[in-house]
Amino acid sequence: MSSESVKTATQTDYFIDRSAMEIKECALESGIPCRVEKKFRTVILRQSDPDCLLLKRLAGTRVRENGLVRITLQAPKANRYLYFRPGTSDESVIRQIFQAWHYDIARLRRWSSIRGFLENHHLKGRRPLIIDAGANIGATSVFFAMTFPTALVVAIEPEEHNFDLLSKNTEGLDRSCIRAALASEPGCAVVLDSGSGNWGFRTQRSESDNGLPCITLNSLYDQILSREFFPFIVKIDIEGAEQELFTRNTDWIRNTPVIIVELHDWLLPKQGSALPFLQCISRLDRDFVHLGENIFSIDNAI
């Protein structure tokens, strides 16, 4: 990457464009060797997912640390390692975040107004609060932290082993990792294994006091928001638990400029898991943008 492109992408302290990010030691980028390999897999081997072995090839050639493989994420502010479990859904998570750029809000048509909103707060000395609910191994948290260097990222993940990797991957960042279930009310929950891999764990409210704690977005806002922090992004990928989350105590929605949510009617047919979210935002003046697996709900007051 040329120094000029880095300079262009880092013209502000509060935002780093993805063009300034680079993944080392990995075939995630769209360079010639990667394109040739993908074409070979698609045309000759007739694979439906030509990306599927790119990270596995890396896993076979890199030195492992306690069974984990790492890639290097390079950005103007700092380089960092991102660890993953080879041969698992972790590989697909990394591809989604750092190849398909699922959470890059700069690709939205509303980006200019969002950036202006961000800049206005920055000039007042305020920092964005970003909440990553269903943080998994922390790839999205790392992406947000690298993209918005002044942000505080609160990462919420219920599953024990994912949480351990999340903590490792986000170490040294301005973040808070919370092992809990995101819900509409305080209480307890249990973690359920759906059998779809490390990114498919679900939570279910429990009557037992010995379960995982439930945390609410209203309580997080009450604890964190101040003259220093302002709400910016809430990302939600909680495997169907959004049905309960959006049923009640949704005051936080009005105070959140950008909400990114993956809905799971496709996973839980005839259960209406998306309905509470749709009912909530239909009553508000917000844009509804569907990109890939995610819905971007953007406050039109920005």
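Nothing in this text is a laboratory measurement; each read-out follows from the coordinates by a stated rule. Being a predicted model, the structure only gives us computed values, none of them experimental. Backbone-built Cβ (ideal geometry, glycine too); neighbour counts: all protein chains shown.
Please list the equivalent ellipsoid semi-axes of the stretch 100-299, computed as the square roots of five times the alpha-carbon gyration tensor eigenvalues, in descending order and whole angstrom.
Working: eigenvalues 125, 78, 55 Å².
The three semi-axes for the stretch 100-299 are 25, 20, 17 Å.
Could you run the Karplus curve 6.51 cos²θ - 1.76 cosθ + 1.60 with θ = phi - 60° over the stretch 280-297 and give me ³J(HN,Hα) per residue in whole Hz, x for Gly and Pro?
Once rounded to whole Hz, the list reads 4, 6, 5, 8, 10, 8, 9, 6, 10, 10, 9, 10, x, 8, 10, 9, 9, 9.
About the Cα centre of the stretch 100-299, what is the dipole size in debye to 20, counting +1 per Lys and Arg Cβ and -1 per Asp and Glu Cβ, all else neutral?
Charge dipole of the stretch 100-299: 780 debye, to the nearest 20.
Tabulate in residue order the Karplus-calculated ³J(HN,Hα) for the stretch 157-170, using 6.51 cos²θ - 1.76 cosθ + 1.60 with θ = phi - 60°, rounded to whole Hz; enter x for Gly and Pro.
For the stretch 157-170, the Karplus curve yields 8, x, 7, 4, 6, 4, 5, 4, 6, 4, 4, 5, 6, 9 Hz.
As I understand it, the dipole of the stretch 100-299 uses +1 on the Cβ of Lys and Arg and -1 on the Cβ of Asp and Glu, about the Cα centre. Which of F246, Q204, I137 lies farthest toward its positive end?
F246
Hey, can you grab everything whose amide H is under 5 Å from the amide H of A180? Only 5+ residues off in sequence or another chain; H modelled, so Pro and N-termini drop out.
Residues meeting the criterion, in which the H sits 1.01 Å from N, are E157.
Can you bin the stretch 85-126 into rounded, prolate or oblate? Criterion: square roots of the alpha carbon gyration tensor eigenvalues sorted a ≥ b ≥ c, rounded for a/c under 1.5, prolate for a/b above b/c, oblate for the rest.
Here the stretch 85-126 falls in the oblate category.
Tell me, what HN-Hα J-couplings in whole Hz come from the Karplus equation 6.51 cos²θ - 1.76 cosθ + 1.60 at θ = phi - 60° for each residue of the stretch 263-268, using x for Gly and Pro?
Those phi angles translate into 8, 10, 4, 5, 8, 10 Hz.
Whole-Å semi-axes of the stretch 186-266's equivalent ellipsoid, largest first, each the root of 5 times a Cα gyration tensor eigenvalue? Kindly include the intermediate steps, with their values, before the conclusion.
Details: eigenvalues 119, 56, 25 Å².
Three semi-axes, in Å: 24, 17, 11.
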